[in-house]
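Beneath this line is the structure, given in structure tokens, with notes to follow.
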Amino acid sequence: MGNLLRSKTFSVVEVLTSVDIVYDRKWSKLDKLGAFINTNALIMWREKGIGCIVCGITGAFFAKERTPGYGSIYNNWHLNLYAVDHDGEEILMTQDHVVARGNGGEDHVRNLQPMCYPHNQKKADKDMTVFLDKIKVKKKQKKQKQKPTDQDEKVLPRSE
Ligand SMILES: [Zn+2]
């Protein structure tokens, strides 16, 4: 993502079983790994798992990263969770607010769910049920479009 500097990577288990020390309202520190982590995200991943609630893609590793420069917590080493898709691309895993903050949703783990960055972008401020319905409609339309005729069936390539 962007121009983040990366120091090293850790296994999911290594991070989720690390002792965390509350640093401030938003961040915790994992002293042993020398990095900060978003407290809500850590609790969410521990309690609700590391798979995107929409597509199921699952976090594969944590990267210890920081933005260049000074003045923000993001300039300190902190941990981001990444999944890896079929093309080998890294996908950032994020926390989604079930009820968007803009709609009064609280910034608490009971209102959070794990979601990949692309789906979080698509969902934006939409209500979860509205968002899932939209995705379902899209999938249905795709299916109907791709529905093969009897003649096509024999030459259809197998999906991987
Ligand atoms: Zn997803």
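I need the full set of residues from the stretch 87-106 which are assigned to a strand (DSSP E or B) and open to solvent by less than 70 Å² (accessible area, probe 1.4 Å), in order please. Scanning the stretch 87-106 gives 91, 92, 93, 94, 95, 96, 97. If you go through the stretch 56-72 and keep only what is in contact (Cβ under 8 Å) with a residue 12 or more places away in the chain, within 23 Å of residue 110 (Cα to Cα) and in a loop (DSSP other than H, G, I, E, B), you end up with 57, 59. Restricted to the stretch 1-31, and to residues there that are among the polar types (S, T, N, Q) and not in a loop (DSSP other than H, G, I, E, B), the residue that is most open to solvent (accessible area, probe 1.4 Å) is 9. Got at least one residue in the stretch 21-40 being farther than 30 Å from residue 139 by Cβ, away from the ligand (no atom under 16 Å from the Cβ), touching a Lys or Arg at 6+ places or on another chain (Cβ under 6 Å) and among the basic types (Lys, Arg)? Taking every residue of the stretch 21-40 in turn, none turns out to be farther than 30 Å from residue 139 by Cβ, away from the ligand (no atom under 16 Å from the Cβ), touching a Lys or Arg at 6+ places or on another chain (Cβ under 6 Å) and among the basic types (Lys, Arg). Of all residues in the stretch 4-26, those being touching a Ser or Thr at 6+ places or on another chain (Cβ under 8 Å) and under 24 Å from residue 119 (Cα atoms) number 2.
Taken together, 82, 117 contain a single residue that is among the aromatic types (Phe, Trp, Tyr) and open to solvent by less than 50 Å² (accessible area, probe 1.4 Å), which is 82. Restricting 75, 111, 80, 120 to residues that are touching a strand residue (DSSP E or B) at 6+ places or on another chain (Cβ under 8 Å), in contact (Cβ under 8 Å) with a residue 24 or more places away in the chain and more than 13 Å from the ligand (Cβ to nearest atom) narrows the list to 80. When the stretch 32-73 is filtered for residues that are under 19 Å from residue 21 (Cβ atoms), surrounded by fewer than 17 Cβ atoms within 10 Å (Cβ to Cβ) and either modelled with pLDDT under 95 or touching a Pro at 6+ places or on another chain (Cβ under 7 Å) (or both), only 73 remains.
Being in contact with a Leu (Cβ under 8 Å, 6 or more places away or on another chain), within 19 Å of residue 35 (Cβ to Cβ) and more than 16 Å from the ligand (Cβ to nearest atom) is a property that does not hold for residue 92.
The values are calculated or read from the model by the stated rules, or taken from the named source; none is laboratory data. Worth saying up front: this structure is predicted, and the values here are computed from it rather than measured. Heads up, the Cβs are rebuilt from the backbone with ideal geometry, glycines too, and the neighbour counts pull from every protein chain shown. Ligands, DNA and RNA are excluded from the accessible area calculation, which covers all protein heavy atoms including side chains. Shrake-Rupley method; radii C 1.70, N 1.55, O 1.52, S 1.80 Å.
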